[in-house]
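Quick notes on the structure that follows.
The values are calculated or read from the model by the stated rules, or taken from the named source; none is laboratory data. Please read all numbers here as calculations on a predicted model, not as lab measurements. Backbone-built Cβ (ideal geometry, glycine too); neighbour counts: all protein chains shown. In case anyone asks, the SASA skips ligands and DNA or RNA and just uses the protein heavy atoms, side chains included. Shrake-Rupley method; radii C 1.70, N 1.55, O 1.52, S 1.80 Å.
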Amino acid sequence: MEPQLDSSQEILECFLNGKFKRMDCPQCENTFLTKVYEMKCFDAGKKLSIKCAECKRNFTADTDSESWRNYVVLEKQSLGLEYFMDAIQQSGLQNVPFVRRVGVLDDDGKPLDPACIHLFSFEEPDYRIIYVMERLEHLNEADSAFFTEHVHEIDWMEQEDRLKVWNYVAERYGVALAEDMRKLCLYYREHQKYLNWDLHGDNLMRSIVNSRIVVMDPFAPKMGDYMEA
């Protein structure tokens with residue numbers, strides 16, 4: 001575990017020193033409330049030869065790619081991705097991106113204990129969470145429209161109708177993706193006191209490494225003074 005901790009610290013230092021170049025992606029910002037940064041260091045526009053290359057290799061040793069350009073840094077001030085990571089672990093999902101939390105920061109850039117993250121509450125996060133994730137691309141218009149049309153409203157459907165949707169997804173995009181989406185919906189239904197279902201075409205993305213479609217951040221946490229009707 002030590003190499004992961006070392007590399008996480010190195011990545012956080014690069015982030016806090018402004019060495020990661022922010023990517024312009026309004027779709028990510030609007031869909032996921034996420035700022036995205038390129039996973040390579042810059043200093044006044046000049047690319048650096050950074051000393052943490054070995055740490056980077058250790059950090060991604062369990063992935064099938066040696067190319068650091070296939071990863072991005074995410075900065076979030078919402079808990080949707082934390083719930084998604086919990087669902088990945090609890091349900092054994094397959095068609096999901098590689099994502100790892102590297103640290104939690106307050107507004108002044110001071111590292112915080114990750115124990116400050118509390119799921120299954122209505123607490124508003126007053127901190128930023130930094131992740132490394134494999135680089136993805138958005139689906140084309142036709143594929144995006146399919147998932148928005150057939151999957152986004154599934155939380156309102158009866159079980160029989162949901163099964164029809166999963167079968168339709170399986171026929172068109174494969175059984176594995178349909179099964180992951182079914183498990184995510186089940187996770188939502190088990191925790192809908194704290195979550196809204198928010199899976200639509202913009203939440204399905206494609207890996208740039210192998211072109212597989214993956215689910216990304218399909219929940220919207222109910223935060224603040226939410227009261228059940």
Links exceeding 18 Å between C-alpha atoms in this model, out of 76/110; 183/222; 35/193; 110/222, come to 183/222; 35/193; 110/222
When you count, for each residue, the other Cβ atoms within 10 Å and take the mean per peptide, how do 187-195, 114-122 rank with the highest first?
187-195, 114-122
With a/c under 1.5 counting as rounded, go ahead and sort segment 123-223 into rounded, prolate or oblate using the C-alpha gyration tensor (a ≥ b ≥ c being the square roots of the eigenvalues; past the cut-off, prolate if a/b is larger than b/c, else oblate).
oblate
Total charge dipole magnitude, segment 116-176, about the Cα centre, Cβ charges on Lys, Arg, Asp, Glu only, Debye to nearest 20:
260 debye
Which value, in Å² and to the nearest 10, is the accessible area of residue 99 when all protein chains are kept and the probe is 1.4 Å?
30 Å²
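So if each residue of separation counts as 0.36 nm, and I subtract the Cα-Cα distance between residue 126 and residue 140, what length gain in nm does that give? Walk me through the intermediate numbers first.
Working: separation 14, 0.36 × 14 = 5.04 nm, distance 3.48 nm.
Computed gain between residue 126 and residue 140 is 1.6 nm.
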Projected label distance in nm at residue 108 and residue 190, using a 7 Å step from Cα toward the beta-carbon:
4.0 nm
